[in-house]
Amino acid sequence: MSTPAFYEATAAVTRARGAPFVLEPVRLRAPRGNEVLVRIVATGMCHTDMIVRDQFYPVPLPAVLGHEGAGVVAAVGPRVERLAIGDHVVLTYGACGHCPSCGGGHAAYCDAFYARNFGGAGPHGDCAIEDAHGQPVHDHFFAQSSFATYALSREGSAIKVPREAPLELLGPLGCGIQTGAGAVINALAVRPGSSFAALGAGAVGLSAVLAARAAGAATIVAVDVVPARLALARALGATHTVDSRAGDLAEAVRQATGGGADYALESTGRPEVLRQGVAALGRLGTLGVVGASPLGTAADFDVNDLLIAGKRIQGICEGDSVPQRFIPDLVRLYLQGRFPFDKLVKFYPFEQINQAAADSEKGLTLKPVLRIGR
Ligand code: NAD
């Protein structure tokens, strides 16, 4: 059977800074080399999709965003070795696979990370998507551009998952959930019995709460400004919650943890919360930073507080995870009931993508997931 040269699809296109997503007919070229074409079943929406729509990170437009796709392999390029048509996959970030970071098991710090995930084109500068007028549309967003019925990815970014797991739920494991959980498990390596504070209880922060619980942290503090998120944090395992509008965030965390947190994770993207996060740490504590701010954003902290107390600040990308190992680990924990990230998810039809974005930005929905196909 011959492979078609193009696949007809529907994609949510971002045509201008801050503009609504518009569903359009598009076509994708067939997979080459180690590429895989994935029929998308569902895609999560992450805060990062919105900040790229708003051009905090200047991905060239028009573009197809979406970077938490889950689906079924529909076609494979001639150099694909591990995946076959029909496999269930979760799509995750792209990396070159050859630089020292990739070779050292830290592909989230790949030399080519920005180009591979935010470059708006493939590694050779080409776009695989064209619109109804035959014009190229920027793509390869996080090696997928999965706000679409089909996405072109690569073998290294398509993680095979077991068929018994609910595929339509799994897409967020490719970014937001992996980021929060991986920050706790891989990067901070939270110890059993220790104290952990999630500064920001959105999808990333609550994934970190779930992971801190799974890792055996004894004190888990969730900080946010949305009461419903704090209530959910308690239900998911937080031992304390702090509404940061009510007073001094750092003091509240120090009180809850008996002197300062062993670990904290900043996921609000706000420099003032980062500063308070350093102050909230105990001696030899570590603050992980995952919240994204506009390029060039600076934050300050008390240098002597850092120095005298031996505190650390650690930037963390994509949970410093090796997705081929970490995503199946999280699926296993979910299937055992020990990582109930489904509690963060609300499903929307693909056509309601702008409603899903608005609900997320208003704090009404933690993790929107768009149902795109079957
Ligand atoms: P989100 O918007 O759901 O979560 C942010 C939370 O911070 C919200 O619940 C919000 O109410 C809370 N918040 C805002 N101001 C606050 C304040 N002053 N004090 C306390 N809480 C406050 O977003 P998300 O999907 O959880 O993503 C979190 C961040 O992580 C985003 O900036 C996103 O772009 C980034 N991100 C980074 C990576 C990475 O690899 N580093 C990966 C995915 C997402």
Check your understanding: Is region 169-179 home to any residue that is under 17 Å from THR286 (Cβ atoms) and of a type outside the set (D, E, K, R)?
Key -> yes
Review point. Does region 361-369 contain any residue that is surrounded by fewer than 18 Cβ atoms within 10 Å (Cβ to Cβ), away from the ligand (no atom under 16 Å from the Cβ) and charged (D, E, K, R)?
Key: no
Review point. Only one of ARG29, ARG53 is within 16 Å of the ligand (Cβ to nearest atom), more than 21 Å from ARG374 (Cα to Cα), modelled with pLDDT of 95 or more and surrounded by 14 or more Cβ atoms within 10 Å (Cβ to Cβ); which?
Key: ARG53
Check your understanding: under 21 Å from PRO172 (Cβ atoms) and within 11 Å of the ligand (Cβ to nearest atom): does that describe ALA214?
Key -> no
Check your understanding: Going by the structure shown, is ASP243 surrounded by fewer than 17 Cβ atoms within 10 Å (Cβ to Cβ) and outside the structural domain of GLY105 (by TED's automatic domain parsing)?
Key -> yes
Check your understanding: Mind checking whether some residue in region 278-287 is in contact (Cβ under 8 Å) with a residue 40 or more places away in the chain, in a helix (DSSP H, G or I) and outside the structural domain of GLU155 (by TED's automatic domain parsing)?
Key -> yes
**Study point:** Hits in region 217-232 (condition: buried (at least 24 other Cβ atoms within 10 Å of the Cβ), within 10 Å of the ligand (Cβ to nearest atom) and aliphatic (A, V, I, L, M))
**Key:** ALA222, VAL223
Check your understanding: Of all residues in region 129-171, which are among the polar types (S, T, N, Q) and in a helix (DSSP H, G or I)?
Key -> SER157
Exercise for review: Kindly indicate which of ILE185, ILE85 is within 19 Å of the chain's Cα centre (by Cα), open to solvent by 10 Å² or more (accessible area, probe 1.4 Å) and among the β-branched types (Val, Ile, Thr).
Suggested key: ILE185
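Residue by residue, here is whether (1) out of contact with any Gly (no Cβ under 8 Å at 6 or more places or on another chain); (2) modelled with pLDDT under 95; (3) outside the structural domain of VAL90 (by TED's automatic domain parsing); (4) more than 11 Å from the ligand (Cβ to nearest atom) holds:
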| site | (1), (2), (3), (4) |
| --- | --- |
| ASP139 | no, no, no, yes |
| GLN144 | no, no, no, yes |
| ALA148 | no, no, no, yes |
| ARG154 | no, no, no, yes |
| LYS160 | yes, no, no, yes |
| LEU169 | yes, no, no, yes |
| LEU188 | no, no, yes, yes |
| ARG191 | no, no, yes, yes |
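The values are calculated or read from the model by the stated rules, or taken from the named source; none is laboratory data. No experiment lies behind these values; they were computed from the predicted model shown. Here Cβ is always computed from backbone atoms with ideal geometry, including for glycine, and neighbour counts include all displayed protein chains. Side chains included, ligands, DNA and RNA excluded: accessible areas come from the protein's heavy atoms. Shrake-Rupley method; radii C 1.70, N 1.55, O 1.52, S 1.80 Å.
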